Amino acid sequence: MEPSPHVKAEEAEWLIKEISSDLTHADGLAICGTYPPGIPDDCYAKFVRTAVESGTMVLLDSFMHVEKALQYPVDILKVNREELCQITGVEDLKQAILKAFEIFKIRHLAVTEGSSFAWFGDREKNLWRITVPAIPKAVNTIGSGDVCSAVMLSEIISGTAPLEAFRYGLAAASANCLTDSPGVFEREKAFELFPFTDYIKEN
């Protein structure tokens, strides 16, 4: 997957206008990936503000230029351990999770940590460590993060509790690693892996 080419100012303006308009009748907004060059630094913040004003659920899966967006009540922030430590300025993982809830208006935090564990927290300072299902051999890992985010948000919109939704997302992401194509997985395989996403409460 190649980086995006530079986005012209008029193209960025059109994109922001179109997406903001669509958010008024959307159930959820997933913001994933890296900022394309040329997109204004406050682009995500504009999307999140519009979504919040429209009552649209927001999942933010990014860490570049997210500080402004996180001043709004984002429903789920999903990042990996390194990204979380970078945006909070805290190296210890558990302390970084607590710090994120102090400085940002997020409601839930989903943190991935390689192929072994993931973490999930909420504003009540509940924290769970989740076991990522083991797979025999990864064929392709590209797209796994986006699969996790998409399945997680879809499950929450459908009424699944956020912690369980994250577990479904992790199972789907692991299933994605078993296929050649990025972002493609077998639902049956994801359901087979789901029971292995066991978890324990850390506090």
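The values are calculated or read from the model by the stated rules, or taken from the named source; none is laboratory data. Since the structure is predicted, the reported quantities are computational estimates derived from the model, not experimental observations. Note: ideal-geometry Cβ built from the backbone for every residue, glycine included; neighbour counts use all protein chains shown. These accessible areas exclude ligands, DNA and RNA; they are computed on the full protein's heavy atoms, side chains included. Shrake-Rupley method; radii C 1.70, N 1.55, O 1.52, S 1.80 Å.
Quickly estimate the mean residue ellipticity at 222 nm for the chain, helices only: each DSSP H run with n ≥ 4 gives -39500 (n - 2.57), and the total goes over all residues, rounded to 500. Show your work: numbers first, answer last.
Working: 7 runs with 81 residues, N = 203.
The per-residue figure over the chain is -12500 deg cm²/dmol.
Along the axis of the charge dipole computed for region 96-135 (Cβ charges of +1 for Lys and Arg, -1 for Asp and Glu, origin at the Cα centre), the listed residues 118, 132, 101 are led at the positive end by 101.
On full extension, the segment bounded by residue 95 and residue 54 gains 11.5 nm, given 0.36 nm per residue less the C-alpha separation. Each Cα pair under 8 Å and six or more residues apart adds its sequence gap; the mean of these over the residue count of the chain is a relative contact order of 15 percent. Annotation for residue 203 and residue 68: the two label points, set 7 Å from Cα along the Cα-Cβ direction, are 3.1 nm apart.
Computed from label points 7 Å out along Cα-Cβ, the spacing between residue 160 and residue 116 is 2.6 nm.
Note on the chain: with a GNM built from Cα contacts shorter than 10 Å, the maximum mean-square fluctuation among 25, 108, 65 falls on 25. If only the Cβ of Lys and Arg carry +1 and only the Cβ of Asp and Glu carry -1, the dipole of the chain around its Cα centre is close to 480 debye.
Here the gap between residue 134 and residue 10, fully extended at 0.36 nm per residue and compared with their Cα-Cα distance, gives a gain of 40.1 nm.
Of the beta bridges DSSP finds with both residues in the chain, what % are antiparallel, to the nearest 5?
Working: 14 of 27 bridges.
Counting DSSP beta bridges with both partners in the chain, the antiparallel share is about 50 percent.
Return the subset of 78/99; 46/94; 78/201; 137/189 for which the Cα-Cα distance in this structure is over 23 Å, preserving the input order. Don't skip to the answer; put the middle values down first.
Numbers: 78/99 15 Å; 46/94 30 Å; 78/201 19 Å; 137/189 14 Å.
Beyond 23 Å: 46/94.
Taking all protein chains into account, the per residue accessible area for the chain stands at 53 Å² (1.4 Å probe). Within the listed set 78, 125, 105, the residue fluctuating most in the Gaussian network model of the chain (springs between alpha-carbon atoms under 10 angstrom) is 125.
Quick one: pull the percent of accessible area on region 1-151 belonging to carbon and sulfur, 1.4 Å probe, ligands and nucleic acids left out. Result for region 1-151: 52 percent of the exposed heavy-atom area is carbon or sulfur.
Note on the chain: dipole from Cβ charges, positive end direction compared against 24, 158, 7; the farthest Cα belongs to 158.
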